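Each remark here refers to the structure printed beneath this line.
The values are calculated or read from the model by the stated rules, or taken from the named source; none is laboratory data. Being a predicted model, the structure only gives us computed values, none of them experimental. Every residue, glycine among them, receives a Cβ derived from its backbone with ideal geometry; neighbour counts consider all protein chains shown.
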Number of protein chains: 2
Amino acid sequence: MRRDIFQAIADPTRRAIIALIALQAMTPNAIAENFNTTRQAVSKHLRILTECELVKQEQKGREIYYSLEIEKMKEVDQWLEQFRKIWETRFNQLDQLLSTIKKQKK
Amino acid sequence: MRRDIFQAIADPTRRAIIALIALQAMTPNAIAENFNTTRQAVSKHLRILTECELVKQEQKGREIYYSLEIEKMKEVDQWLEQFRKIWETRFNQLDQLLSTIKKQKK
DNA sequence: ATTATATGCAACTTTTCGGTTTCACAAATT
DNA sequence: AATTTGTGAAACCGAAAAGTTGCATATAAT
């Protein structure tokens, strides 16, 4: 089983779950109420999210509260970093081009 | 077919292809040389990347050069934005906590 | 003109994925 | 003690994905 964060966020339902529990910890039942699937399907998603450490649990009696392990999200951010560098370079090049054109107009 | 950027970057080979052609345009054959798969498999990945507009082609004779449509990568960046806000809030809270502790020490 | 090279596409196979159904178990409620 | 509630896990199913094989086409080289 692959189970990395990129595979985890590939599914739209999982992205929605992530967004949901980012704000506050929730039980599987409460999460499932927000979707058109069964509790079991949500439970399966939560297992996947847990497996790649995107989610943490806190047991309270028979209820289990799930919340987002927000630090893990930074892995995606780090991966994007290499492309952000390219954006910036391109932007600077464009910037230089524009100022060159400006100079020529004078 | 779903075909969104999150599904596209879920596959590790595709992420590698993206990183490769981000730096310079390459032909399918040249790309395939970097991996343990057949040219056809790479070709299929390129088609998927093209379908979700992550990649653009430029034909030169019988060769086709693929390069990254870097703007599209910003979609992931935008999605991360909501979590970045949470990071910053948490960070500020930690910051406040630390300065409170500092004050108490005095 | 013939051959080699670069590529895309379609058919097929195996694996993975997302969902449902069913069951088991533990905590809470009656 | 019996019942209800909250949950996880396994078995199964259909759909989609990833890879391989084979073929078609166009350009380049001989």
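When B:Asp11, B:Asp4 are checked against the criterion of being within 13 Å of chain A (Cβ to nearest Cβ) and within 11 Å of DNA strand C (Cβ to nearest atom), B:Asp11 stands alone in meeting it. Does A:Asn36 count as polar (S, T, N, Q), within 11 Å of DNA strand C (Cβ to nearest atom) and either more than 13 Å from chain B (Cβ to nearest Cβ) or more than 18 Å from the chain's Cα centre (by Cα) (or both)? For A:Asn36, the condition - polar (S, T, N, Q), within 11 Å of DNA strand C (Cβ to nearest atom) and either more than 13 Å from chain B (Cβ to nearest Cβ) or more than 18 Å from the chain's Cα centre (by Cα) (or both) - is met. Considering only the range B:15-34, I want to know if a residue exists there that is surrounded by 13 or more Cβ atoms within 10 Å (Cβ to Cβ) and either near DNA strand D (Cβ under 8 Å from one of its atoms) or among the basic types (Lys, Arg) (or both). Yes, there is a match, as at least one residue in the range B:15-34 is surrounded by 13 or more Cβ atoms within 10 Å (Cβ to Cβ) and either near DNA strand D (Cβ under 8 Å from one of its atoms) or among the basic types (Lys, Arg) (or both).
Would you check if A:Glu58 is more than 14 Å from every other protein chain (Cβ to nearest Cβ) and more than 22 Å from B:Thr89 (Cβ to Cβ)? In short, no. Does B:Leu68 fit the bill of being modelled with pLDDT under 95 and either small (Gly, Ala, Ser) or more than 16 Å from DNA strand D (Cβ to nearest atom) (or both)? Criteria not met by B:Leu68.
Rundown of residues vs (1) under 12 Å from the mean Cα position of the chain (by Cα); (2) near DNA strand C (Cβ under 10 Å from one of its atoms), yes/no style:
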| site | (1), (2) |
| --- | --- |
| B:Thr27 | no, yes |
| B:Ser43 | no, yes |
| B:Gly61 | no, yes |
| B:Ser67 | no, no |
| B:Lys74 | yes, no |
| B:Gln82 | no, no |
| B:Thr100 | no, no |
